[in-house]
1. Checking THR11 against (1) open to solvent by 30 Å² or more (accessible area, probe 1.4 Å); (2) closer than 24 Å to TYR139 by Cα; (3) in contact (Cβ under 8 Å) with a residue 60 or more places away in the chain; (4) not acidic (Asp, Glu), which test does it fail?
2. Applying the selection to region 58-83, what residues are over 29 Å from LYS159 (Cβ atoms), assigned to a helix (DSSP H, G or I) and open to solvent by 60 Å² or more (accessible area, probe 1.4 Å)?
3. For residues that are within 16 Å of the chain's Cα centre (by Cα) and charged (D, E, K, R), scanning just region 35-51, find the one that is surrounded by the most Cβ atoms within 10 Å (Cβ to Cβ).
4. Given the structure, is ASP54 open to solvent by less than 80 Å² (accessible area, probe 1.4 Å) and of a type in the set (Asp, Glu)?
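The values are calculated or read from the model by the stated rules, or taken from the named source; none is laboratory data. As the structure is a computational prediction, the values presented were derived from the model and not from experiment. Note that we place each Cβ from the backbone using ideal geometry, even for glycine, and neighbour counts take in every protein chain shown. Ligands, DNA and RNA are excluded from the accessible area calculation, which covers all protein heavy atoms including side chains. Shrake-Rupley method; radii C 1.70, N 1.55, O 1.52, S 1.80 Å.
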Amino acid sequence: MSSMKPKLRRTIYIGLGGTGIKTVLKVKENFYKSCGGRTPAMIKFVCVDTNLGDLNGKETDSIKLDNTEKLHLTVSNPAGSFKSGSRSGKYAWMPEDNIDSVADIRGTGAGQVRSNGRFVLEYNEEKDHSISGYLNSIYEEITNAVADDTYFDVLDSAKTDVHLIFSIAGGTGSGMFLRMATLIRQNIPN
């Protein structure tokens, strides 16, 4: 008697900030353990952070993120970029109390300030649409993935599951999640 293989949907796990990264690594580890040291082609992992040290430092000896799974977002001249954008009104959502903290963003995180996390994401997307392009490329990869492994079958569905993982406290994850959810809806159909 043959046993049926478990079915999977095409899925993207996106971790924002430190908590998101830790959780995505744990999910990836669980796939590794259940799939003989690899992940199915129809599953993708993405970790987004404003702090490169945290993005690289959460990995373990057994579970690593490859370079396509890491998205480091920063602003090289945060105060100047904020001032030029403020003149046009595109950063009018920034709370007055947080404006001074923008100058402290230098690739080392959002400093536990939610609006800084959102600012970094907004700035990068407005600059070159890099997040939208990244989401599109991941979606295309899993859409074209063939279930060639012996562990799973792909569910016949046009839908893609996206799990957006973040902490409600802190700066990067809690600051980015609403805008990232909008970008996901705009770039990943169904």
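1. THR11 satisfies every listed condition except (1).
2. Across region 58-83, the qualifying residue is only LYS83.
3. As a first pass, look at region 35-51 and keep what is within 16 Å of the chain's Cα centre (by Cα): 43-51.
Filter again for charged (D, E, K, R), leaving 44, 49.
Details: LYS44: 22, ASP49: 29.
Per the stated criteria, the residue is ASP49.
4. When the stated conditions are applied, ASP54 passes them.
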